[in-house]
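S.K.: Questions regarding the structure given below will be posed in turn.
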Amino acid sequence: MNNPMKTLICQLVLITFAGFAPSSLLAQAPAQPADKDELRGYLELLRSDVNTTKIATINQVMKLTAPEAEKFWPIYRGYEQKLAAVGDRKLALIREFAGLHLGGTLDNKQAADLAARWLKNTQERLDLWKKYHQQISKAVSPIRAAQFLQVEHQMALFIDLNIAAEMPVVGSKSPTQK
């Protein structure tokens, strides 16, 4: 494993242990409006920390030249805005599932609907990667586009794994059920 990849893994571990705890998001599922504002602020701060780490990692892995950086970073900023919207929809799905799970009210119809929307959200992220890979490939180079995808994919895997580890199993009893 090369040095930038070791750095990436270390940074991801730090993000996880520094407070990226999806269980805290699940506990907030039936939140009141004021709590939603507080949670939104926390998530924006967390997103900012993750983005800072991603930018540092991209810089370490890609080692863009000045002309490449001039082309890459505006594209990347557009990507991050679109990725944030996909992430917001994913969070809404997690919160909806958590609320139904904690309330013990998840039924077959809701489970099917949540699964369909989860798959759609996953496809949206994949479509976003495809779109921005193509843009970066044309604007900078196919190698730089592949590096971008590699970093994004590794970050996404790590974050998704942490979320998955905290999610209750569909159909299991919630802590509030006896």
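S.K.: Which one is farthest from ASP127 (Cα to Cα), of the residues in segment 45-87 that are aliphatic (A, V, I, L, M) and under 12 Å from the mean Cα position of the chain (by Cα)?
M.R.: Checking each candidate, the answer is LEU46.
S.K.: Going by what's in this entry, would LYS82 be described as of a type outside the set (Ser, Thr, Tyr), closer than 21 Å to LEU128 by Cβ, in contact (Cβ under 8 Å) with a residue 12 or more places away in the chain and surrounded by 17 or more Cβ atoms within 10 Å (Cβ to Cβ)?
M.R.: Against the criterion (of a type outside the set (Ser, Thr, Tyr), closer than 21 Å to LEU128 by Cβ, in contact (Cβ under 8 Å) with a residue 12 or more places away in the chain and surrounded by 17 or more Cβ atoms within 10 Å (Cβ to Cβ)), LYS82 does not qualify.
S.K.: Next question. Of the conditions (1) farther than 28 Å from GLN150 by Cβ; (2) part of a helix (DSSP H, G or I); (3) without any contact (Cβ under 8 Å) to a residue 12 or more places away in the chain, GLY99 satisfies every one except a single condition; which number is it?
M.R.: (3)
S.K.: Answer yes or no: is there a residue in segment 107-118 that is at pLDDT below 95, surrounded by fewer than 16 Cβ atoms within 10 Å (Cβ to Cβ) and outside any helix (DSSP H, G or I).
M.R.: Yes, segment 107-118 has at least one match.
S.K.: Which one of PRO175, PRO168 is part of a loop (DSSP other than H, G, I, E, B), at pLDDT below 90, under 21 Å from the mean Cα position of the chain (by Cα) and not hydrophobic (A, V, I, L, M, F, W, C)?
M.R.: Of the residues listed, the single one that is part of a loop (DSSP other than H, G, I, E, B), at pLDDT below 90, under 21 Å from the mean Cα position of the chain (by Cα) and not hydrophobic (A, V, I, L, M, F, W, C) is PRO168.
S.K.: Listed residues LEU91, LEU14, LEU25; which is closer than 18 Å to ILE159 by Cβ, exposed (fewer than 15 other Cβ atoms within 10 Å of the Cβ) and either modelled with pLDDT of 80 or more or among the hydrophobic types (A, V, I, L, M, F, W, C) (or both)?
M.R.: LEU14
The values are calculated or read from the model by the stated rules, or taken from the named source; none is laboratory data. Values in this document were obtained by computation on a predicted structure and should not be read as measured data. Glycine also receives a Cβ, built like all others from the backbone with ideal geometry; neighbour counts cover every protein chain displayed.
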